[in-house]
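Participant: Could you have a look at this structure, given as structure tokens, before my questions?
The values are calculated or read from the model by the stated rules, or taken from the named source; none is laboratory data. Note that the structure is predicted; figures quoted are calculated from it, not measured. Here the Cβ is made from the backbone with ideal geometry for all residues, glycine too, and neighbour counts use every protein chain on show. To get the accessible areas, we keep the full protein, side chains included, count just its heavy atoms, and leave off ligands, DNA and RNA. Shrake-Rupley method; radii C 1.70, N 1.55, O 1.52, S 1.80 Å.
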Amino acid sequence: MTGAAAIATVAGAPASPQRWLARLAWLLFAVGIALLAWAAWGPWGDAPAPYRYRVSDEGDAGRAQGLQGFGALQLQRVELHADGIDQPLAVGHIARRAGGAPVMVDWDNASGEPLAHVDTRAAELAGLADAVREHVPEGALLLAWWDTARALALLTGRRTPFDAWFGEPFIAPSPWLARRSSIEAEERAFWGAPPSQAQSRDFRRFAEALASDERAGAQALRELAGGRQAFLVVHVSDLFKLGRMLPQQLGVATKDFPLRGDLHGPIVLVKRWMQEQRWSGYTVHEPSDRIARATFVTDARSAQTLLARLLPLTSSAPLEMRDPELVYQHGGYWVYRIAPAAPRQ
């Protein structure tokens, strides 16, 4: 009996109770998918954002440590509160100068899910700002992911094309994805300073450059600088953000581990997990006092992107980079000088 005949014979036979149960399971699965789609796009798809920011002048001197040395800044505590939950899901600090839009300078997310922003330590950012004031001339152009660029523009006065609130990538837990439009409206209303079309276009070029291979990406950054003296700042968390924005060009995964003493225990687990997944490289940093966060590049192509090469992954050697060239490193931040012309090979 041929294979096709065998299949036809089985298909024509009376269905067993087990087969009917399997069909029912598939039917229920399909109904569940339809209900999820209806929930996302149905009558409450445009429901209000599921959270609100609450701002007070009672800042945390410990978490805002180091920011007092940057002139007349107004520092305020900000909390993210979700509907029906008494305690804040995340706490941070915003800074602004007289009449200016608020800028996030500190963020501690305790929810365990990606939420609005990536974790940022004010003390680490202050150390970076000090280094930028020392190593980046006043007339130079500063390129960084827009959240870092905004903070450095506020703290140092250095020029950057990305001093607006871009809101990319969209960061929210899965149950909130159906409310994306409402969440984005809430974010725009709070942060203000939307980008111009030219800024949005240039930021896309910047992201594409970081997701390109090392040589093409460096050349794209030179073209974006337009002949001006330029410096690049990247952070380990930029891998997560770029992977969210351009998932087809950069495969990234993250996993958090509780901090109990030193990093030796988590790193052993990270190595084992990476080997099991057959991923290409990883790096570990501490976004808060509670957790160590492992960030992985999931394939060989992603490991060869410019951003992955600039950061301290097990598959990279940033200290040996020549284009761009490393000038400073502080915590999770790495500062590079962009050469005006490609170095000779």
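Participant: Please enumerate the residues belonging to region 154-185 that are of a type in the set (A, V, I, L, M, F, W, C), surrounded by fewer than 20 Cβ atoms within 10 Å (Cβ to Cβ) and out of contact with any helix residue (DSSP H, G or I) (no Cβ under 8 Å at 6 or more places or on another chain).
Facilitator: Answer for region 154-185, where residues must be of a type in the set (A, V, I, L, M, F, W, C), surrounded by fewer than 20 Cβ atoms within 10 Å (Cβ to Cβ) and out of contact with any helix residue (DSSP H, G or I) (no Cβ under 8 Å at 6 or more places or on another chain): just ALA185.
Participant: Condition check: open to solvent by less than 20 Å² (accessible area, probe 1.4 Å), under 27 Å from ASP130 (Cβ atoms) and either among the acidic types (Asp, Glu) or modelled with pLDDT under 95 (or both). Does GLY92 satisfy that?
Facilitator: In short, yes.
Participant: Would you point out the residue of region 158-200, among those that are of a type in the set (A, V, I, L, M) and part of a loop (DSSP other than H, G, I, E, B), that is nearest to the chain's Cα centre (by Cα)?
Facilitator: Ranking the qualifying residues of region 158-200, first place goes to ILE171.
Participant: Just checking, which of ALA101, ALA131, ALA123 is part of a loop (DSSP other than H, G, I, E, B) and in contact (Cβ under 8 Å) with a residue 24 or more places away in the chain?
Facilitator: Working: ALA131 fails: part of a loop (DSSP other than H, G, I, E, B); ALA123 fails: part of a loop (DSSP other than H, G, I, E, B).
So the residue among ALA101, ALA131, ALA123 that is part of a loop (DSSP other than H, G, I, E, B) and in contact (Cβ under 8 Å) with a residue 24 or more places away in the chain is ALA101.
Participant: While we're looking at this one, here's another question. Can you tell me which residue in region 201-215 is farthest from THR298 (Cα to Cα), limited to those that are open to solvent by less than 50 Å² (accessible area, probe 1.4 Å) and in a helix (DSSP H, G or I)?
Facilitator: Filtering region 201-215 for residues that are open to solvent by less than 50 Å² (accessible area, probe 1.4 Å) and in a helix (DSSP H, G or I), the one farthest from THR298 (Cα to Cα) comes out as ASP202.
Participant: I'd like to check something: does region 256-263 contain any residue that is closer than 24 Å to PHE203 by Cβ and part of a strand (DSSP E or B)?
Facilitator: Step one: of region 256-263, the residues closer than 24 Å to PHE203 by Cβ are none.
No, there is no match, as no residue in region 256-263 is closer than 24 Å to PHE203 by Cβ and part of a strand (DSSP E or B).
Participant: Another question, then. From THR283, THR295, which residue is assigned to a strand (DSSP E or B), out of contact with any helix residue (DSSP H, G or I) (no Cβ under 7 Å at 6 or more places or on another chain) and buried (at least 20 other Cβ atoms within 10 Å of the Cβ)?
Facilitator: Result of the check over THR283, THR295: THR283.
Participant: Shifting gears a bit: With the structure loaded, tell me whether LYS271 is surrounded by fewer than 17 Cβ atoms within 10 Å (Cβ to Cβ) and farther than 24 Å from LEU152 by Cα or whether it fails that test. Write out each step before concluding.
Facilitator: Details: surrounded by fewer than 17 Cβ atoms within 10 Å (Cβ to Cβ): yes; farther than 24 Å from LEU152 by Cα: yes.
Answer is yes for this residue.
Participant: Please give the number of the condition GLY192 fails out of (1) open to solvent by less than 30 Å² (accessible area, probe 1.4 Å); (2) modelled with pLDDT of 95 or more.
Facilitator: Among (1) open to solvent by less than 30 Å² (accessible area, probe 1.4 Å); (2) modelled with pLDDT of 95 or more, GLY192 violates only (2).
Participant: Filter region 306-338 down to the residues that are in contact (Cβ under 8 Å) with a residue 40 or more places away in the chain and of a type in the set (Lys, Arg), then identify the one that is least open to solvent (accessible area, probe 1.4 Å).
Facilitator: Top of the filtered list is ARG309.
Participant: Can you pull out every residue in region 298-325 that is charged (D, E, K, R) and in contact with a strand residue (DSSP E or B) (Cβ under 6 Å, 6 or more places away or on another chain)?
Facilitator: GLU325
Participant: Could we say that ASP130 is among the acidic types (Asp, Glu) and within 18 Å of VAL327 (Cβ to Cβ) here?
Facilitator: yes
Participant: Please identify the pairs in which a residue from region 185-199 that is without any contact (Cβ under 8 Å) to a residue 24 or more places away in the chain has its Cβ atom under 9 Å from the Cβ atom of a residue that is open to solvent by 40 Å² or more (accessible area, probe 1.4 Å), counting only partners at least 6 apart or on another chain.
Facilitator: Note: pairs meeting the criteria are ARG188/PRO194.
Participant: Now a separate question. Would you say ALA110 is aliphatic (A, V, I, L, M) and at pLDDT below 90?
Facilitator: For ALA110, the condition - aliphatic (A, V, I, L, M) and at pLDDT below 90 - is met.
Participant: Could you check region 226-240 and list, in sequence order, the residues that are in a helix (DSSP H, G or I) and open to solvent by 10 Å² or more (accessible area, probe 1.4 Å)?
Facilitator: First, the residues of region 226-240 that are in a helix (DSSP H, G or I): 238-240.
Correct list: PHE240 only.
Participant: So, in region 52-72, exactly how many residues are surrounded by 10 or more Cβ atoms within 10 Å (Cβ to Cβ) and modelled with pLDDT of 80 or more?
Facilitator: Of the residues in region 52-72, 6 are surrounded by 10 or more Cβ atoms within 10 Å (Cβ to Cβ) and modelled with pLDDT of 80 or more.
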